[in-house]
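Here the structure is laid out as structure tokens; the discussion comes afterwards.
The values are calculated or read from the model by the stated rules, or taken from the named source; none is laboratory data. Here the structure is a predicted model, which is why all the values come from computation and not from measurement. Every residue, glycine among them, receives a Cβ derived from its backbone with ideal geometry; neighbour counts consider all protein chains shown.
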Amino acid sequence: MVPKILTVLFAFCLAFHASAQVPKNFEYGPRPPLSVFDPTGFLNPQLAKSISDPLTKIYQKEKIDVLVVVLTDLAGAPPEHVAKRFAQAWCTANIHAVVLHVPGRKDSPWIVPAGKLLEILNPKEVLKSLEEAQRRAAKEVTEPDKVKAAATEAADMLRYWTSNLINHSEQVQTERSQWIQKATEKARFRKMGLLLLAASTIPLVLGASMLILFLKNRGPRSFPSRDLQPRLGAPYSGGNFAVVKIGAPDL
Amino acid sequence: MFSDGPPLLPILDAVGIWKDADIRKIEAARGNVERRFPQIKWRICAVNLPAETSLPLFGFWLLNACPLNPEETPSDRSWTILLLIDIRSGQASITPGYAAESCLSDDEWQKVLNSMATYWQAGKTAKAVVRFFKSSRSELQTAWKRYKPRRSHR
Amino acid sequence: MKPARFVLPLAALAVLFSACETKKTSAETAPKKETAAQPDTPILPAKKGDTWRYDVTLEIPANTTGADAPEVKESSTRTRTYLGKVSPAPDRPEVDCFEVITADGSSAEREFVEIYNDRVLMRGSMTMLPKATKPIWLDRAIPFVISGMKAGTEMPELEIASGGVTRKTRVVAREDLSVPAGLFPCIRILMTGKDGDIELRRTTWFSPGTGIVREEKTRYRQDKLIYREVQQLMETSIKRP
């Protein structure tokens, strides 16, 4: 009983969440559980599963979303426009693609990538890869095979671009860190050099000061002269009272 | 009164107490002080005076009676300090010339003379005189600082 | 002398201060060092006589081999055997050689590579059966797989103008793949290019330490698929490290 209630509640929450994402005016409703939307059953279930399973795995592991949409008619709208409407309604990943196929159209299927990461990529490279992928997919013999090939091409393309961007940003980060480290080390060495220079001048200054002082102190001293006043008729000395008994030497 | 005195040699060893090596030591010490205080001339005399002779008086007579040496001027003589040591009485005295009188006081000279006693009594007579010169230099240095012109007053 | 009294302690303080500052700066800006792990090596520890057996499905659309030619859909097995060092021709050096034979023995091909501890380079190939051909030999070895290859990496594009040969190789992903021989961590490599008027697309799942685990080859000519082959590893004698 309890697990059943929980399941119902869980399903309700999922549906609520899904429906909350869908724009009000999207006529196809919420995104289906599989990565393949084929309301008319153009693709046989086995083929649909063989397309959907790897795409689901890729989305779960790498958050790269490839959605396959098979419509009977585009109602005159350009394929890219229709694909982008599906992407806006059903895709939230930073990089995603819609593989749109209209049975009977010779220029179908179309691979329409979108997402924030796409804005960083080189548009010429993106266009070149898209053209090659679509061309190869179109060479398949049957239309279902074309759809499958296009889905594989789209997934390969998106996975490569995403990893390439990550590698590039890691490289930039590494180079930036290395540059910062080099700049910091340079500044540190410069600072140390200046400090050493400053520190080395201290003993020099000290030494010079001491040398000057020493040389000054080494110089002769002189007492001031004064007027001599001879006493007792003595020409050179007036005598003194400095007498000390120093004892007899022990010779 | 002050005539007919003997020549006043820098070191006069009238009693033969010092050997040549001792004389050289004493000369070196004397030269050291004279380089620092070139004004002051030093004379050392070791004598054996009769018992009744007053050492200061003898020194007074010696400094005044001895004729000037050929290169000596009256000013040199008045800047002379005579160290007189009497072997018989075991006394030492200082007789300064007029000009040298004001360098040190009697008390300071007595302090200098007392510094000789230990070595003298131990028989190291030359060393005692060397000690005398060292002590004199020290006291004169201190006295000179009192006299040196102060820069702050310039 | 007075100023010198202050200079010395000030200098000492300055040195201490700068030492502390430097430590802090170094800690803040030092890049995170990642240890250079080499989990993919040895990339292919093959011994003479080692074998890899594949299950192969081949599709050739109708009218490809000739007008009214029927569609071909076949399954077979293929065995790849490491022969050791072999010279493809008298004027060529000895290199590592794999012989690839179909189950019925109707076709045999030799693949010439250079195997190092951390990489496998392509050197050439040669058909042995049904008829021996002159070996295709690359003067400069081309990297096939390198240890540590990251998803999003592209190899230098190869172009041989004379033969109209171009090759572009990209690493699409690193993923685990389940095949009849087991579950293998793989490098998924996508090679696209041209051999004259034939366009090719080849996805290889290479498991370091094991070898090719799965391969999907498609060839196109004049806007048509002419050939699709899928091979999956059934069993191998090579011991995974």
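What about residue A:139, is it at pLDDT below 95, surrounded by fewer than 20 Cβ atoms within 10 Å (Cβ to Cβ) and farther than 23 Å from residue C:151 by Cβ? No, not satisfied.
State whether the residues of region C:63-81 include one that is out of contact with any Cys (no Cβ under 9 Å at 6 or more places or on another chain), among the hydrophobic types (A, V, I, L, M, F, W, C) and closer than 30 Å to residue A:160 by Cβ. Scanning region C:63-81 turns up no residue that is out of contact with any Cys (no Cβ under 9 Å at 6 or more places or on another chain), among the hydrophobic types (A, V, I, L, M, F, W, C) and closer than 30 Å to residue A:160 by Cβ. Filtering C:228, C:202, C:214 for residues that are within 11 Å of another protein chain (Cβ to nearest Cβ), among the basic types (Lys, Arg) and assigned to a strand (DSSP E or B) leaves a single hit, C:228. Of the residues making up region C:180-200, not a single one is free of Cβ contacts under 8 Å to residues at least 12 places away in the same chain, of a type in the set (D, E, K, R) and more than 23 Å from residue A:58 (Cβ to Cβ). Within region A:174-192, one or more residues are acidic (Asp, Glu) and at the interface with chain C (Cβ under 10 Å from one of its Cβ atoms). Answer yes or no: is there a residue in region C:48-68 that is within 28 Å of residue A:141 (Cα to Cα) and among the aromatic types (Phe, Trp, Tyr). Yes, the conditions are met somewhere in region C:48-68. Once region B:1-46 is narrowed to residues that are within 14 Å of chain A (Cβ to nearest Cβ) and among the aliphatic types (A, V, I, L, M), the residue that is nearest to residue B:98 (Cα to Cα) is B:40.
Residues being assigned to a loop (DSSP other than H, G, I, E, B), more than 14 Å from chain A (Cβ to nearest Cβ) and under 20 Å from residue C:195 (Cα atoms): count how many of those fall in region C:133-162.
Of the residues in that region, 6 qualify.
Out of A:177, A:222, A:200, one residue alone is free of Cβ contacts under 8 Å to residues at least 40 places away in the same chain and under 24 Å from the mean Cα position of the chain (by Cα). It is A:177. Meeting the requirement of 2 or more residues that are at negative phi and at pLDDT 85 or above, the helices (runs of 4 or more DSSP H) wholly within region A:1-118 are A:45-62, A:79-90. When region C:59-75 is filtered for residues that are surrounded by fewer than 16 Cβ atoms within 10 Å (Cβ to Cβ) and assigned to a strand (DSSP E or B), the ones remaining, listed by number, are C:72, C:73, C:74, C:75. When A:251, A:194, A:232 are checked against the criterion of being more than 30 Å from residue A:121 (Cα to Cα), under 44 Å from the mean Cα position of the chain (by Cα) and among the hydrophobic types (A, V, I, L, M, F, W, C), a single residue qualifies: A:194.
Among the residues of region B:84-98, the one identified as more than 7 Å from chain A (Cβ to nearest Cβ) and either polar (S, T, N, Q) or touching a Lys or Arg at 6+ places or on another chain (Cβ under 7 Å) (or both) is B:89. Considering each residue of region B:115-131 in turn, none proves to be free of Cβ contacts under 8 Å to residues at least 60 places away in the same chain, surrounded by fewer than 17 Cβ atoms within 10 Å (Cβ to Cβ) and aromatic (Phe, Trp, Tyr).
Among the residues in region A:44-61, are any exposed (fewer than 14 other Cβ atoms within 10 Å of the Cβ), in contact (Cβ under 8 Å) with a residue 24 or more places away in the chain, under 30 Å from the mean Cα position of the chain (by Cα) and closer than 28 Å to residue A:164 by Cα? Scanning region A:44-61, I find no residue that is exposed (fewer than 14 other Cβ atoms within 10 Å of the Cβ), in contact (Cβ under 8 Å) with a residue 24 or more places away in the chain, under 30 Å from the mean Cα position of the chain (by Cα) and closer than 28 Å to residue A:164 by Cα, so the answer is no. Residues in region C:48-58 that are basic (Lys, Arg) and surrounded by 13 or more Cβ atoms within 10 Å (Cβ to Cβ): C:53 only.
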